[in-house]
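The values are calculated or read from the model by the stated rules, or taken from the named source; none is laboratory data. These numbers were taken from a predicted model, which means no experiment stands behind them. Cβ atoms come from the backbone with ideal geometry, glycine included; neighbour counts cover every protein chain shown.
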Amino acid sequence: MSENVKAVRAYRRNVALALGLLLLVFVLIPVFVKSPYILNIFVLVFYMSTLSMAWNLLGGMTGQNSLGHAAYMGLGAYASCLLITKAGANPWLSAIFGMIVVGLVAGVIFYPCFILRGPYFTLVSIAFGEAMRQFIINSTFFGRASGVGLPFGRDSWLDFRFGSKVPYYYVGLAMVLLIYLLMKKIERSRMGYALRTIREDEDAAAAIGINPTKYKIMAVVVSAMVAALVGFFYASYIRYIDPDLMVQAKSTESVLPAVVGGAAYVEGPLVGGLIMIPLSEFLRARYSAMLPGINMLLYAIALLAVIRFRPTGILGWYMHSKTKKFVDEKLLRKPPVEVFEAVELQKHSGKEA
Amino acid sequence: MLKVEGLRAGYGAINILWDISFNVDAGEVVAILGSNGAGKTTMVRAVTGMVRPTAGSIQFEGEELAKKSSRYILDKGIVQVPEGRQIFTEMTVLENLEMGAFNKATRAAFSQNLAVAYRHFPKLQERARQAAGTLSGGEQQMLAVARALIGMPRLLILDEPSLGLAPNIVDDILDVASGMAKRDGIAVLLVEQDITKALACADRGYVIENGRIALSGTAEALSANEHVKKAYLGI
């Protein structure tokens, strides 16, 4: 085994260990932290990071800048809430129902839109979000502008209803973990590679046999379904939803953690969410009483600084300073002819190269 | 191997190609020549299934491909090196090459094909870990050709390989292409504006003008043709 392979394995072990420790810390936080305010911030971090991971699949990995993710989240919240309030369905089943509905809606609406590229796709996604919001505001079935409330009652896992924030904290953490693993899986799959090539150059992707439309639809459907799951979580946590859930600003908020942390990295939204959301909450708590709006101003300055000085995000900056692309050094170090002969030899001796 | 007959294609209401017919056999380099806007790239796009032909037939080893998807055509072994290189600049050289084996059919033989590609273009091996965007123009074109080789072409289509490259690099790339035709028996379709270079490398050629085949013949005959001399070679 070459030195390099050992180094790669050691590195992977260290990363896995660090992530494991981090997870342990998060699992233990509610044991020591009792303040509902702090726990609320963590819950916020969890679901906003998940929403941002959903965005990142489409915006970061595929390069299709969507500014309509609040609409998917809102539709997911509405679909599951209405099924609970109008049909008395179980919340967990309603979550799945909401995800399927939103996935279908996103796939059907964006299928014809994917002939549009770049800014045109972004414009359509903005229009989609606003159209959905207006539709709900004007629809009696969806409760118009007054929204939909979920019933309160005794704590129950079956109804996903709790007085304390701790269960939401753990479900939120599980959601982050689950979606992170899903995204990691997608990134390493054929689909992940196809999405990366589409981000770089759609025509070149088509030239090597990748069907860009097919993979973009897959990305938009998965992304919308994850956003719908976040919508369900949000509705169950806040226990009330209204069309303001789908305003444009919310869509932008779903983009920020990914951009700050490093779009195109699966971990980007997590890093960004962990930094930006507590920062936003801190600024609000600390400064908004002094001068109204000053917290938003400071937040904007922090954001501009990242975009100006670290356009690839925190992770992008870190990765560039530390190249972590490992390939088979053994193959690289040998002179070319030798490699060829080695392969030829193996071929003739009937062994797999 | 490839037999195109009466091919018509275009974009929407605008027809670009009118009754194009030509053929390419195994082990042969065939040049498709013509100036800007003659319809060369549209022809490539029609053959690779990226533009749907409105009439005519495209037969590859006896199979009709005119209505097939680009993915299916690629699986049959028609691999193109698209115009303007179109490599993935943010991916490493090696990752670019891996993408050449995106289709299942060629994945099992990836390491053999990689070695072959490296043998043809040793520079790429030296730079395997580099982002492809940091390569020079010539190296990027080599990478585009190498990526096509990984896809195990039976018919390799080179669309304007000379675009923006130094003449000696173009020669290198054309040498690799004609070497593969002669040695491995693959068919090469060379689509070029640089007629001198193309005819020096090709066995036969077709001249496209305004979407129609204006002339055809062996490379020698075309080089000697008065019309070709006057219109394209400036002699």
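Quick notes
- Residue ID - surrounded by the fewest Cβ atoms within 10 Å (Cβ to Cβ), chosen from residues in the stretch B:44-55 that are within 26 Å of B:Gly185 (Cα to Cα), in contact with a strand residue (DSSP E or B) (Cβ under 8 Å, 6 or more places away or on another chain) and not polar (S, T, N, Q): B:Val44
- Here A:Leu245 does not qualify as over 22 Å from B:Glu90 (Cα atoms) and either modelled with pLDDT of 90 or more or small (Gly, Ala, Ser) (or both).
- Of all the listed residues (B:Leu135, B:Leu124, B:Leu97), the sole one being without any contact (Cβ under 8 Å) to a residue 40 or more places away in the chain and farther than 24 Å from B:Asp203 by Cα is B:Leu124.
- Considering B:Gly179, B:Gly234, B:Gly205, B:Gly211, the condition of being under 20 Å from the mean Cα position of the chain (by Cα) and surrounded by fewer than 20 Cβ atoms within 10 Å (Cβ to Cβ) is satisfied by B:Gly179 alone.
- Pairing each residue of the stretch A:191-214 that is at positive phi with any residue that is buried (at least 19 other Cβ atoms within 10 Å of the Cβ), provided the two are 6+ apart or on different chains, yields C-beta distances under 7 Å for A:Gly209/B:Ser70; A:Gly209/B:Leu74; A:Gly209/B:Phe102.
- When residues in the stretch A:92-114 are screened for being in a helix (DSSP H, G or I), touching a helix residue (DSSP H, G or I) at 6+ places or on another chain (Cβ under 8 Å) and at pLDDT below 90, 4 of them pass.
- Within the stretch A:105-143, being touching a Pro at 6+ places or on another chain (Cβ under 6 Å) and of a type outside the set (A, V, I, L, M) holds for one residue alone: A:Arg133.
- Looking across the stretch B:124-180 at every residue that is hydroxyl-bearing (Ser, Thr, Tyr) and in a helix (DSSP H, G or I), the one that is nearest to B:Lys3 (Cα to Cα) is identified as B:Ser178.
- Residue ID - farthest from the chain's Cα centre (by Cα), chosen from residues in the stretch B:70-83 that are more than 9 Å from chain A (Cβ to nearest Cβ) and assigned to a loop (DSSP other than H, G, I, E, B): B:Lys76
- Given (1) within 25 Å of the chain's Cα centre (by Cα); (2) modelled with pLDDT of 80 or more, number of the condition A:Arg286 does not satisfy: (1)
- Single residue of the stretch B:90-108 satisfying the filter (in a loop (DSSP other than H, G, I, E, B) and over 22 Å from the mean Cα position of the chain (by Cα)) that is nearest to A:Gly63 (Cα to Cα): B:Glu90
- Filtered by the rule that a residue be assigned to a helix (DSSP H, G or I) and under 11 Å from the mean Cα position of the chain (by Cα), the stretch B:44-55 gives B:Val44, B:Arg45, B:Val47.
- Close Cβ contacts (under 8 Å, 6 or more residues apart or on different chains) running from residues in the stretch B:215-234 that are touching a residue at least 60 places away in the same chain (Cβ under 8 Å) to residues that are of a type in the set (Lys, Arg) comprise B:Ser216/B:Arg204; B:Ala219/B:Arg204.
- Unmet requirement for A:Pro36, which otherwise passes all of (1) surrounded by fewer than 15 Cβ atoms within 10 Å (Cβ to Cβ); (2) in contact (Cβ under 8 Å) with a residue 24 or more places away in the chain; (3) over 21 Å from A:Arg161 (Cα atoms): (3)
- Checking A:Tyr170, A:Tyr180 one by one, the residue that is more than 14 Å from every other protein chain (Cβ to nearest Cβ), out of contact with any Ser or Thr (no Cβ under 9 Å at 6 or more places or on another chain), part of a helix (DSSP H, G or I) and surrounded by fewer than 22 Cβ atoms within 10 Å (Cβ to Cβ) is A:Tyr170 and no other.
- Inspection of the stretch A:210-224 finds no residue satisfying the criterion of being farther than 25 Å from A:Tyr47 by Cβ, assigned to a helix (DSSP H, G or I), aliphatic (A, V, I, L, M) and within 11 Å of chain B (Cβ to nearest Cβ).
- If you go through the stretch B:16-43 and keep only what is closer than 21 Å to B:Gly185 by Cα and not in a loop (DSSP other than H, G, I, E, B), you end up with B:Phe22, B:Asn23, B:Val24, B:Val29, B:Val30, B:Ala31, B:Ile32.
- Looking at B:Gly12, B:Gly39, just one residue is within 16 Å of the chain's Cα centre (by Cα) and either more than 18 Å from B:Ile73 (Cα to Cα) or small (Gly, Ala, Ser) (or both), and that residue is B:Gly39.
For every residue, the table says whether it meets (1) at pLDDT 90 or above; (2) among the hydrophobic types (A, V, I, L, M, F, W, C).
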{"site": "B:Ala131", "(1), (2)": "no, yes"}
{"site": "B:Ala144", "(1), (2)": "yes, yes"}
{"site": "B:Leu158", "(1), (2)": "yes, yes"}
{"site": "B:Leu163", "(1), (2)": "no, yes"}
{"site": "B:Ala187", "(1), (2)": "yes, yes"}
{"site": "B:Leu190", "(1), (2)": "yes, yes"}
{"site": "B:Arg204", "(1), (2)": "yes, no"}
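- Any helices (runs of 4 or more DSSP H) falling wholly within the stretch A:231-326 and containing at least 3 residues that are of a type in the set (Val, Ile, Thr): A:248-261, A:268-287, A:294-309
- Test: residue in the stretch B:56-69 that is hydroxyl-bearing (Ser, Thr, Tyr), within 14 Å of chain A (Cβ to nearest Cβ), surrounded by fewer than 17 Cβ atoms within 10 Å (Cβ to Cβ) and not in a strand (DSSP E or B): yes
- Per this entry, B:Ile169 is not counted among residues that are farther than 25 Å from B:Ser21 by Cβ, surrounded by 24 or more Cβ atoms within 10 Å (Cβ to Cβ), touching a residue at least 24 places away in the same chain (Cβ under 8 Å) and aliphatic (A, V, I, L, M).
- The stretch B:93-128, subset buried (at least 19 other Cβ atoms within 10 Å of the Cβ) and hydroxyl-bearing (Ser, Thr, Tyr), residue nearest to the other protein chains (Cβ to nearest Cβ): B:Tyr118
- Failed item, numbered, when A:Ala235 is tested on (1) in contact (Cβ under 8 Å) with a residue 60 or more places away in the chain; (2) within 11 Å of another protein chain (Cβ to nearest Cβ); (3) of a type in the set (A, V, I, L, M, F, W, C): (2)
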